[in-house]
Amino acid sequence: MTSKNKNAFTLIEIMLVVIIIGILAAMVIPNIAGRGEQARVSAARADIDANLTSALDLYELDNGQYPTTEQGLRALFEKPASAPEPISWNGPYLKKKRTPLDPWGREYRYVSPGIHNTEEFDLFSYGQDGVEGKDDIGNWGSDSADEAGR
């Protein structure tokens, strides 16, 4: 005589598990979905406020001035040959010897002397859309940080 296998799952049991997983996913995924963009904005803010600004401050400490707009952020890992040549370049000031990219894969923008920070420099990212606008993330005040985080 044949014996039936009592250890197998029935189709109904498998369907119930799939439905339960679907319900759980429907509750969790909307909560996680918007976090990716917030994480990118936070990463750009950290790069601008800490990493790149610290490297630029070290450059200024060694050379008496910040790199010019033309020399750009490249001056942090490669000694500029254009005027004004740095007096005591002691770089590289960045660990990675390449132009830093924002979380969206575009180069950070650097202007010295700055438009917003006339005594120092403006350092910013155009944000997700890549064009100048309200979502820009810059080093010139808390207003831009608040707008970028929304």
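None of the figures in this text is laboratory data; all of them are computed from the coordinates on show. None of these values were measured; they are calculated from a predicted model. We place every Cβ from the backbone using ideal geometry, glycine too, and count neighbours over all the protein chains shown.
For the reader, a short list of remarks on this structure follows.
- Here the convex hull built on the C-alpha positions of region 20-107 has a volume of 102 cubic angstrom per residue.
- Ordering Ser112, Ser125 by the number of other Cβ atoms within 10 Å of each residue's own Cβ, fewest first, gives Ser112, Ser125.
- Among Phe77, Phe121, sorting on how many other beta-carbon atoms sit within 10 Å of each Cβ, with the fewest leading, yields Phe77, Phe121.
- The ranking of Glu132, Glu60 by Cβ neighbour count inside 10 Å, starting from the fewest, reads Glu132, Glu60.
- Computed from the C-beta positions of Met27 and Thr118, the FRET efficiency with R₀ = 30 Å rounds to 0.05.
- Summing Lys and Arg as +1 and Asp and Glu as -1 over all other residues whose Cβ lies under 9 Å from the Cβ of Asn139 gives a net charge of -3.
- Correct option for mean projected area of the Cα convex hull in nm² [calculated from the coordinates] among (i) 14.9; (ii) 9.2; (iii) 11.2: (i)
- When peptides 41-51, 81-91 are sorted by average Cβ neighbour count within 10 Å, with the highest value leading, the order is 41-51, 81-91.
- The helix-based estimate of mean residue ellipticity at 222 nm for the chain, built from -39,500 (n - 2.57) per DSSP H run of four or more residues and divided by its residue count, is -11000 deg cm²/dmol to the nearest 500.
- Shown is the FRET efficiency for Lys134 and Ala43, computed with R0 = 22 Å from the Cβ-Cβ distance and rounded to the nearest 0.05: 0.70.
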